[in-house]
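What follows is one structure encoded as structure tokens, with my remarks underneath.
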Amino acid sequence: MTTQYWLVKSEPEAYAWADLVRDGRTAWTGVRNYQARIHLNAMKRGDRVMFYESITTKAVVGIAEVTKPAFPDATADEPGWVAVELKSVSALAQPVALTQIKAEPSLANIGLLRQSRLSVMPLARAEFERIVKLAG
DNA sequence: GCCAACGTTGGC
DNA sequence: GCCAACGTTGGC
């Protein structure tokens with residue numbers, strides 16, 4: 001199975017990239033949106049995940065990896081919600097700001113711009129690589 | 001702090 | 001099943 005690419009968003013006050021670096025691995029819990037859940041369920045071990053910090057940072061700051069596919073989210077009040085386990089892989093050399101992403105024609109279709117409220121979304125391989133390149 | 005986008009809820 | 005009201009997210 002080929003590696004797939006994803007982007008997850010987090011408010012840094014809730015859980016920042018630095019927290020993932022500190023923790024090494026974390027259960028990505030708290031997703032309560034059906035479309036995001038579909039994406040969580042589609043994640044496989046080894047998939048690459050870009051970590052976007054919203055609100056204050058507004059930039060992609062690091063790359064994580066799926067270390068455990070979807071399992072029940074223990075923080076949910078109702079059954080059916082899932083989490084995955086992520087581990088930090090590497091920080092980007094430079095954060096890639098939302099403004100840079102908006103300014104990049106080849107990224108015009110990424111979910112981050114098209115569906116600004118979605119917190120878990122797929123990325124095309126080319127989009128993933130483009131953002132890595134923008135990071136320098 | 002404001003507001004647009006969008007998801008959810010509840011009355012009908 | 002429709003739609004108005006409301007809540008949340010997140011950029012600005």
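Checked against the criterion of being assigned to a loop (DSSP other than H, G, I, E, B), within 29 Å of residue A:100 (Cβ to Cβ), out of contact with any Gly (no Cβ under 7 Å at 6 or more places or on another chain) and among the hydrophobic types (A, V, I, L, M, F, W, C), the range A:57-70 contains not a single residue that satisfies it.
Can you give me the number of residues within the range A:20-36 that are within 16 Å of DNA strand C (Cβ to nearest atom), assigned to a helix (DSSP H, G or I) and either touching a strand residue (DSSP E or B) at 6+ places or on another chain (Cβ under 6 Å) or at pLDDT 95 or above (or both)? Result for the range A:20-36: 1. Scanning the range A:95-125 for residues that are within 11 Å of DNA strand C (Cβ to nearest atom), surrounded by 12 or more Cβ atoms within 10 Å (Cβ to Cβ), among the β-branched types (Val, Ile, Thr) and over 12 Å from the mean Cα position of the chain (by Cα) yields a count of 1. Within the range A:71-94, does at least one residue satisfy the condition of being surrounded by fewer than 17 Cβ atoms within 10 Å (Cβ to Cβ), at negative phi and within 12 Å of DNA strand C (Cβ to nearest atom)? No: zero hits.
In the set A:40, A:7, only one residue is part of a helix (DSSP H, G or I), surrounded by 19 or more Cβ atoms within 10 Å (Cβ to Cβ) and either among the hydrophobic types (A, V, I, L, M, F, W, C) or within 16 Å of DNA strand C (Cβ to nearest atom) (or both); that residue is A:40. Taken together, the residues in the range A:25-81 that are farther than 29 Å from residue A:134 by Cβ and in contact with a helix residue (DSSP H, G or I) (Cβ under 7 Å, 6 or more places away or on another chain) amount to 2. Note on the range A:94-117: residues that are more than 20 Å from residue A:63 (Cβ to Cβ) and within 14 Å of DNA strand B (Cβ to nearest atom) total 5. Taking into account only those residues within the range A:106-123 that are of a type in the set (Gly, Ala, Ser) and within 19 Å of residue A:66 (Cβ to Cβ), which is modelled with the highest pLDDT? Only one residue tops the list, namely A:119.
Selection of the range A:52-70 for residues being within 16 Å of DNA strand B (Cβ to nearest atom) and either of a type in the set (Asp, Glu) or surrounded by 19 or more Cβ atoms within 10 Å (Cβ to Cβ) (or both) yields only A:53.
When you look at residue A:120, is it closer than 17 Å to residue A:35 by Cα and either more than 16 Å from DNA strand B (Cβ to nearest atom) or without any contact (Cβ under 8 Å) to a residue 12 or more places away in the chain (or both), yes or no? No: the conditions fail for residue A:120.
Candidates in the range A:21-51 are the residues that are within 15 Å of residue A:62 (Cα to Cα) and in contact with a Phe, Trp or Tyr (Cβ under 7 Å, 6 or more places away or on another chain); of these, the one that is farthest from DNA strand B (Cβ to nearest atom) is A:48.
The values are calculated or read from the model by the stated rules, or taken from the named source; none is laboratory data. Quantities reported herein were computed from a predicted structural model and do not represent experimental measurements. As a convention, Cβ positions derive from the backbone with ideal geometry for all residues, glycine included, and neighbour counts pool all protein chains shown.
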